[in-house]
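Participant: Just passing along the structure, written as structure tokens.
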Amino acid sequence: MFLILRPIRLLLRATLMDSTPRQMSMGLAFGILVGLVPKGNLLAVGLAMLLAASRLNLAVAGLGAMAAALAAVSCDSLFDRIGWYVLSQPSLSSLWVRLYETPWVPLTHFDYSIVLGSFVTGLALLLPVHLISRPLFAKYACTLSQYARNTWLVQVMLGAEAADRISLVE
């Protein structure tokens with residue numbers, strides 16, 4: 001039973017208690033970046049590892065990544081045009097050649113127009129999403145957190161973890 005409840009407790013703890021509004025808004029912004037980039041390449045893996053290694057709110061980042069991944073499917077033609085525009089710039093052609101000749105970099109699939117277009121779009125959205133969502137998290141996160149802590153399910157889940165710690169000490 002403990003092994004089943006522990007991930008749920010950790011998710012509740014990360015979502016409700018251990019994050020500031022800045023961590024939550026940056027988690028949302030970075031989660032959107034991760035969600036926009038097509039999966040199955042080294043770029044997506046690297047971004048996900050960078051997100052996991054940061055102190056951002058992973059629960060909010062995960063929700064942002066899922067929402068962005070669902071929206072990204074319908075935006076592939078837009079990402080293709082953006083990526084093709086960036087790849088076809090004559091001033092950047094020597095950069096693309098050098099990057100392609102560098103070991104491991106071709107595994108990021110930066111030379112695919114949809115991958116590069118979605119990455120550039122995600123980078124462009126990073127700061128605006130953070131600036132827009134930070135006041136919202138500052139205003140509503142505390143209220144939502146307090147409301148959630150008062151529900152019986154959260155009290156039982158978080159109380160079970162405290163009870164487990166007490167039983168291990170004795």
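The values are calculated or read from the model by the stated rules, or taken from the named source; none is laboratory data. All values reported here derive from a predicted model rather than from experimental measurement. Cβ coordinates were reconstructed from backbone atoms using ideal geometry, including for glycine residues, and neighbour counts include every protein chain displayed. Ligands, DNA and RNA are stripped out before the accessible areas are found, and what is left, the full protein with its side chains, is counted by its heavy atoms. Shrake-Rupley method; radii C 1.70, N 1.55, O 1.52, S 1.80 Å.
Participant: Just one of M49, M66, M24 is among the hydrophobic types (A, V, I, L, M, F, W, C), in contact with a Phe, Trp or Tyr (Cβ under 6 Å, 6 or more places away or on another chain) and part of a helix (DSSP H, G or I); which is it?
Facilitator: M24
Participant: Is it the case that R134 is at pLDDT below 90 and either in a helix (DSSP H, G or I) or out of contact with any strand residue (DSSP E or B) (no Cβ under 8 Å at 6 or more places or on another chain) (or both)?
Facilitator: no
Participant: I32: touching a helix residue (DSSP H, G or I) at 6+ places or on another chain (Cβ under 6 Å), under 25 Å from P7 (Cα atoms), surrounded by 14 or more Cβ atoms within 10 Å (Cβ to Cβ) and in contact (Cβ under 8 Å) with a residue 40 or more places away in the chain, yes or no?
Facilitator: In short, yes.
Participant: Further question on the same structure: Here is a list of conditions, (1) farther than 21 Å from G35 by Cβ; (2) of a type outside the set (A, V, I, L, M, F, W, C); (3) modelled with pLDDT of 90 or more, and P128 meets all of them except one; can you say which number that is?
Facilitator: Going through (1) farther than 21 Å from G35 by Cβ; (2) of a type outside the set (A, V, I, L, M, F, W, C); (3) modelled with pLDDT of 90 or more one by one, P128 breaks only (1).
Participant: Looking at segment 37-46 only, could you name the residues that are open to solvent by less than 20 Å² (accessible area, probe 1.4 Å) and part of a helix (DSSP H, G or I)?
Facilitator: The answer is A44, and nothing else.
Participant: For the list (1) among the charged types (D, E, K, R); (2) at pLDDT 95 or above; (3) within 24 Å of Q23 (Cα to Cα), I need the number of the one condition that R81 fails.
Facilitator: It is condition (3) that R81 fails.
Participant: If a residue must be touching a residue at least 40 places away in the same chain (Cβ under 8 Å) and within 19 Å of L123 (Cβ to Cβ), how many such residues does segment 79-104 contain?
Facilitator: Result for segment 79-104: 1.
Participant: Only residues in segment 57-78 that are charged (D, E, K, R) count as the first member; pair them with residues that are surrounded by 13 or more Cβ atoms within 10 Å (Cβ to Cβ) and in a helix (DSSP H, G or I), Cβ under 7 angstrom, at least 6 apart or cross-chain, and list the lot.
Facilitator: If the second residue must be surrounded by 13 or more Cβ atoms within 10 Å (Cβ to Cβ) and in a helix (DSSP H, G or I), the pairs left are D76/I114.
Participant: Could you list, in sequence order, the residues of segment 98-124 that are assigned to a loop (DSSP other than H, G, I, E, B) and surrounded by 14 or more Cβ atoms within 10 Å (Cβ to Cβ)?
Facilitator: H109, F110, D111, Y112
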